[in-house]
Amino acid sequence: MLNTLLHAAADASLLDVLLDTLLDTAKTVPLLYLVYLLMEWLEGRMNAGKIQESKIGAVGPAFGALLGCVPQCGFSAACATLYNGGVIGAGTLIAVFISTSDEAIPILISHFSDMWSIVLLIAVKVVIAIGAGYLLRYTVFRNEVVKIPAEHPVELEDHPEGSCCHHHKSIFVTALEHTVKISLFILATLLIINLIFFLVGEERVESLLLSGSILQPTLAAVIGLVPGCATSVLITELYIGGTLSFGSAVAGLVTGAGFGYILLLRGQKNKKPAVKIILCILAVGIVSGTLIHLLPL
């Protein structure tokens, strides 16, 4: 009799987890669609191909950081292609990679999170992107020579396999497709997180994710290197749930660059410059995230 009651209670709790996950996801969908609709409109008026080192010169990293902070699909991947084609330098590319937040901003907005946190996140990442872009441009990559190919124009390959964007469609249709895909990412991510918390226990999960530890930003920065939309979704949901600190969220989103890393590595025969860029971004994510983690925010 006791075992039956315990099983029934466990089943009820599991059902609550599933229902809560569905409800939390459903609440984000309407606003998420509006956010992506705005993003599609903005993306149609912004062209990554206009970023050329010879034109923007010394303001390259600042320009890249400001454009990168605008949530839009495929921008980091497009800039990786521009770098591979010799159109922009490593400092500008690093600034773009660091400032982009992939799906984090739309998800935060759709959760009706504190707008101050969203503004602070964007501002912090832009400052880090500009600082790191210039610092690395004039130190690690000071001997870099950027040449714009005159005879062979660079073809922007800003939508690799697995990317979630489409061309030649109505912005309403594209925004809906993007919303559905990211909503499924959110649903799957939330379900996994909630099930882990339910089965393992909150204290155990927080221990595994180094909650309260100075090493948590390092772990988040490493997780952020995993290409794709799901990474930023995971980091954002863990931050919203209070499992990751603000500093750790910054660290993970600093290193997160969507599909940019894939195109960066795929477009170069000599992988050393690409690996150097990735390691530099990882270092920036760990250092900046740890410093912010230590602040009394």
Worksheet item: Once amide H atoms are placed 1.01 Å from N in the peptide plane, what residues at a sequence separation of 5 or more from PHE259, or on another chain, have their amide H within under 5 Å of its amide H?
Response: ALA77, GLY228
Worksheet item: Between GLU177 and ARG204, what FRET efficiency comes out of the Förster formula 1/(1 + (r/R0)^6) with R0 = 45 Å and r the beta carbon distance, rounded to 0.05?
Response: 0.75
Worksheet item: Do any of LYS125/LYS169; LYS169/LYS272; LYS27/LYS276; LYS169/LYS271; LYS27/LYS169; LYS181/LYS276 go past 30 Å between their Cα atoms, and which?
Response: LYS125/LYS169; LYS169/LYS272; LYS27/LYS276; LYS169/LYS271; LYS181/LYS276
Fill in: Three-way shape call for region 183-291 based on the alpha-carbon gyration tensor, with the a/c threshold at 1.5
oblate
Fill in: Mean separation of Cα contacts under 8 Å, 6 or more apart, over the residue count of region 235-297: relative contact order %
47 percent
Worksheet item: Taking θ as phi - 60°, what are the ³J(HN,Hα) couplings along region 90-105 by the Karplus curve (6.51, -1.76, 1.60), each to the nearest whole Hz, with x for Gly and Pro?
Response: 5, x, 5, 4, 4, 4, 5, 4, 6, 6, 5, 10, 6, 8, 4, 5
Response to the item:
Expected sort for 97-109, 249-261 on mean C-beta neighbours within 10 Å, highest first, is 249-261, 97-109
Item to complete: Would you please give the residues with an amide H less than 5 Å from that of LEU244, counting only those at least 5 places away or on a separate chain, with H modeled from the backbone geometry?
Response: TYR239
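Excluding ligands, DNA and RNA, what is the solvent-accessible area per residue of region 197-297 at a probe of 1.4 Å, expressed in Å²? Mind showing how you got there, number by number?
Numbers: 4600 Å² over 101 residues.
That works out to 46 Å² per residue.
Can you figure out the FRET efficiency of GLN268 with LEU291, using R₀ = 41 Å and their beta-carbon distance, to the nearest 0.05? Intermediate values should be presented prior to the final figure.
Working: r = 31 Å, r/R0 = 0.76.
After rounding to 0.05, the efficiency reads 0.85.
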Fill in: Modelled FRET efficiency - R0 30 Å, ILE196 with LYS27, Cβ distances, 0.05 increments
0.90
Worksheet item: Each residue of region 234-250 in order: what ³J(HN,Hα) in whole Hz does its phi give by Karplus 6.51 cos²θ - 1.76 cosθ + 1.60, θ = phi - 60°, with x for Gly and Pro?
Response: 4, 4, 5, 5, 5, 5, 4, x, x, 7, 9, 6, 4, x, 5, 4, 4
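The values are calculated or read from the model by the stated rules, or taken from the named source; none is laboratory data. All figures in this text were calculated on a predicted structure; none of them were measured in a lab. Neighbour counts are summed over all protein chains in view; Cβ atoms, including those assigned to glycine, are modelled from backbone coordinates with ideal geometry. All accessible areas refer to the heavy atoms of the entire protein, side chains included, with ligands and DNA or RNA removed. Shrake-Rupley method; radii C 1.70, N 1.55, O 1.52, S 1.80 Å.
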